[in-house]
């Protein structure tokens, strides 16, 4: 499998690190693209710099490089996840404003009907945010706010992150054993 991982400037960078680590442990090829604010937030929230982030992925593509393979529909991938996804990035995707590699790669997933999973990060949500999410959902995009469930009795933050990561991988049809399934 080939999965594109996009990181934009919303809070929740810990989920992006969890996704990258899980995909690496499952030997899934990753193509990473990070916005400028995404880079800032990962460093601010997690103390991880861009070089460390690049090492977590198989391939890294500069966000300004619209000639990167992931900008083309002829480059086959199994989907994309944007984690976290700022409202700015979500809005750009909803309106087809592909001015960066991150938004162009998402646009390619939509036009080629590939899986696109977005973990939006904002609260409270305005009507504008909700309308943009509905627009994307109507196009087949999975909108998955990283809202944890507590029925599995998480003991710490890592349990919460693992739960969201596992549910995200489910949306990409990736087999894993990160979650205790209901009824198990």
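The order of 95, 40, 60, going from fewest to most other C-beta atoms within 10 Å of their C-beta, is 95, 40, 60.
Here the peptides 161-171, 126-136, 82-92 are ranked by packing, the mean other Cβ count within 10 Å, and the order with the highest first is 82-92, 161-171, 126-136. With Cα atoms defining each centre, region 78-115 and region 1-52 are spaced 15 Å apart in the structure.
Only Cα pairs under 8 Å and at least 6 apart count here; give the relative contact order of region 99-167 as a rounded whole percent. Could you put the intermediate results ahead of the total?
Working: 44 pairs, mean separation 20.4, N = 69.
Relative CO of region 99-167 lands at 30 percent.
With the gyration tensor restricted to C-alpha atoms of the chain, the semi-axes of the equivalent ellipsoid amount to 23, 19, 17 Å, longest first.
Based on Cα atoms of region 1-53, Rg over Rh with Rh as the Kirkwood radius reads 0.96. Rg and Dmax of region 1-98, both derived from C-alpha coordinates alone, stand at 12.7, 36 Å. Taking a label point 7 Å from the Cα of residue 59 along the Cα→Cβ vector, which residues of region 109-143 have an amide N closer than 16 Å to it? It comes to 109, nothing else.
Taking every alpha-carbon pair under 8 Å whose residues sit at least 6 apart, region 51-121 reaches a relative contact order of 40 percent.
Can you give me the relative contact order of region 24-164 as a percent, contacts being Cα pairs under 8 Å and 6 or more apart? Walk me through the numbers before you get to the answer.
Details: 170 pairs, mean separation 27.7, N = 141.
Relative contact order comes out at 20 percent.
Mean projection of the Cα convex hull over all viewing directions, computed for region 109-184: 6.3 nm².
Averaged over residues, the count of other Cβ atoms within 10 Å places the peptides 112-120, 100-108 in the sequence 100-108, 112-120, highest first.
Each value in this text was obtained by applying a stated rule to the coordinates, not by laboratory testing. None of these values were measured; they are calculated from a predicted model. Cβ atoms come from the backbone with ideal geometry, glycine included; neighbour counts cover every protein chain shown.
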